[in-house]
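As structure tokens, the structure follows; a few thoughts come after it.
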There are 2 protein chains.
Amino acid sequence: MARKQGNERHDMTLEVISSNRSFGGTQGVYAHDSQQTGTRMTFSVFVPDHAPDERLPVLWYLSGLTCTHANVTEKGEFRRACAEAGVIFVAPDTSPRGDDVADDDAYDFGKGAGFYVDATQQPWAPHFRMRSYIEAELPALVAEHFPADMGRQGITGHSMGGHGALTIALRNAERFRSVSAFAPIVSPLNCPWGEKALGGYLGDDRGAWREYDAVALIEDGARLPDLLVDQGEADGFLEGQLKTHLLVEACDKVGQPATIRMQPGYDHSYYFISTFMAEHVAWHAERLKA
Amino acid sequence: MARKQGNERHDMTLEVISSNRSFGGTQGVYAHDSQQTGTRMTFSVFVPDHAPDERLPVLWYLSGLTCTHANVTEKGEFRRACAEAGVIFVAPDTSPRGDDVADDDAYDFGKGAGFYVDATQQPWAPHFRMRSYIEAELPALVAEHFPADMGRQGITGHSMGGHGALTIALRNAERFRSVSAFAPIVSPLNCPWGEKALGGYLGDDRGAWREYDAVALIEDGARLPDLLVDQGEADGFLEGQLKTHLLVEACDKVGQPATIRMQPGYDHSYYFISTFMAEHVAWHAERLKA
């Protein structure tokens, strides 16, 4: 069992992979031994310059299929907005990595495709614990090592990471003051990516999938404080996988406040994400600093 | 001889490699058969949305060692500023490419390291014609295919590309209304990168290098309309290769207007470039739209 439990002492050591001054702050990349995944995990953190002893609100960004922390760190164009708003930006990896971690040849399952679940099925269960990693272990590490005010957290993400942001926020209403997503998978129960991943990680009992499905969580009574979603109309995954309309309908049905914007001409890429990133950061900052 | 000359008809066909909507404009990547280099060349162009029949000023960005068009296109964070200012942004490659193009094992010579010269020495002379490619062929192609006002051009670049921007502007004062650079190599005559590259491409006669050296061009009488340079103080190449002080001294000596800013804590990476990109775009736009 790679994961330690109970009262065992966790290793909170952090290795600095790189540190670059950018937009008047520090963009770092860090690695640590995760107790949850039993692997070495990498993530990035941008910390704006701030007063001594000042603690800043935290915005989590969960990435999509095939990505690591690096995609948004290089292409996300979040630093100017985070520096202006005084918000820390944390970008985790999307799965455990390493030679001893189970994998699948497909891009949408296994490494790079953790779907932010705690897997219950073999061979995935030992390492694929991205839910507990994001919900518990990494926040503790961030609180320990960065000038973060963990009482003020927001969360966003892209595609599979949009699914992660929505479901983690819906299950942890007390933790997140602000929630948004870029082109999220809104209902894994109702799309091929989701059926493959949740079936593989969680098994055939679709009832067990509902806590990993934003639409099902809303149907089952979970609520968000508010919600901002941007979705490109030229996104090739919109019709077959993302199915934004299911989220619109679920929110409408129960009166969940949501601003879900369809953006003409935009696709699924970071050219889309970066375009609307500053608006999302500002939207989070408004709520985190209220 | 791969290069056509004289009155032969040039093939101005452009292949669209990719096209993505971004920041209310179009980020494209294009390829074409270059007559100058005798190779297929790739470059990127961002065109902000604009009125029908409106022609926009053009900002050229020349990249540094090892780069292609892709680095700045993905990491440069220029699109918001260009969209706001209504400026087209063109990013060429840094050398000819392909199996029949001479190369060197080092990162600072051969492919990815064209130094914006027309090589006179073998085996480089047939394909390494980046000066003529940037000065003549690519502008004609851009004028043909994009809504560009070629009467309003600015130029910038990074490191080797900063050298390219400065020297091309100094040799073509009538073409560029605005010139800037990020961490430029200011004097190839006086640094190891430059001595290796210019020696290899141009031969041992250092007199022939002077038209490819910004400091020498200024000493020999060339002038810029004005100049903005940002240079990180934590840039590991500052002391041994970039030698910003030589440019400061050359400008001071002859009264060349220049704003040369040393930026504490910043290094040579795109984390530095992206931080100051919007200021450079605004600086160019002010002059291009005056």
With equal scatterers on the alpha carbons only and no solvent term, can you work out the Debye log10 of I(q)/I(0) for the range A:190-249 at 0.13, 0.19, 0.24, 0.26 1/Å? -0.40, -0.82, -1.11, -1.18
Of all DSSP beta bridges in the range B:15-289, antiparallel share, percent nearest 5: 50
Here the Cα Rg-to-2.2 N^0.38 Å ratio for chain B is 0.93
Evaluate the charge dipole of the protein assembly as shown about its Cα centre and quote only its size in Debye, nearest 20, assuming +1 on the Cβ of each Lys and Arg and -1 on the Cβ of each Asp and Glu. 740
For A:V229, other-chain or 5+-apart residues with amide H closer than 5 Å (H placed, Pro excluded) are A:A181, A:T259, A:I260, A:R261
Roughly how far apart, in whole Å, are the Cα centres of the range A:123-202 and the range B:231-290? 41
Rounded to one decimal in Å, the inverse mean reciprocal Cα-Cα distance for the protein assembly as shown, i.e. its Kirkwood radius, is 25.5
Three-way shape label, the range A:19-75, alpha-carbon gyration tensor, a/c 1.5: prolate
Cα→Cβ-extended label distance, 7 Å offset, between A:A106 and B:M150, nm: 5.1
Which value, in debye to the nearest 20, describes the size of the charge dipole of chain B about its Cα centre when Lys and Arg Cβ atoms bear +1, Asp and Glu Cβ atoms bear -1, and nothing else is charged? 500
Go ahead and set up a Gaussian network model of chain A, Cα springs under 10 Å, then flag whichever of A:T275, A:T156, A:T73 fluctuates most. A:T275
Taking every residue in A:20-31, how many Cβ atoms of other protein chains lie within 10 Å of its Cβ, on average? 4
For the protein assembly as shown, what is the percent of antiparallel DSSP beta bridges, rounded to the nearest 5? 50
For peptide B:74-81, how many partner chain Cβ atoms fall within 10 Å of a residue's Cβ, on average? 4
Simple spin-label estimate for A:T66/A:A140, 7 Å along Cα→Cβ, in nm, reads 3.5
Dipole axis of the range A:15-289 (+1 Lys, Arg; -1 Asp, Glu on Cβ), positive-most option in A:V90, A:P48, A:V179: A:P48
Volume per residue (Å³) of the convex hull spanned by the alpha carbons of the range A:186-290 is 115
Accessible area buried between chains A and B, both sides summed, probe 1.4 Å, in Å² to nearest 100: 2000
Provide a whole-number value for the mean count of partner chain Cβ atoms within 10 Å of the Cβ atoms in peptide B:158-167. 0
Could you work out the relative contact order of chain B, using alpha carbon pairs under 8 angstrom and six or more residues apart, expressed as a whole percent? 17
Counting other Cβ atoms within 10 Å of each Cβ, which trypsin sites (Lys or Arg not before Pro) in the range A:183-290 have at most 16 and sit in a DSSP loop? A:R223, A:K289
Work out from phi, with θ = phi - 60° and the Karplus expression 6.51 cos²θ - 1.76 cosθ + 1.60, the ³J(HN,Hα) of each residue of the range A:94-102, listed in order in whole Hz, and give x for Gly and Pro. 9, 5, x, 9, x, 5, 8, 9, 4
Restricting to lysine pairs 8 or more places apart or on different chains, what number in the protein assembly as shown have Cα atoms under 26 Å apart? 19
Which value in deg cm²/dmol, rounded to the nearest 500, describes the helix-derived mean residue ellipticity at 222 nm for the protein assembly as shown, given -39,500 (n - 2.57) per DSSP H run of n ≥ 4 and division by the residue count? -8000 deg cm²/dmol
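The values are calculated or read from the model by the stated rules, or taken from the named source; none is laboratory data. For clarity, every value in this text was computed on a predicted model and none was experimentally measured. All Cβ positions, glycine included, derive from the backbone under ideal geometry; neighbour counts span all protein chains shown. All accessible areas refer to the heavy atoms of the entire protein, side chains included, with ligands and DNA or RNA removed. Shrake-Rupley method; radii C 1.70, N 1.55, O 1.52, S 1.80 Å.
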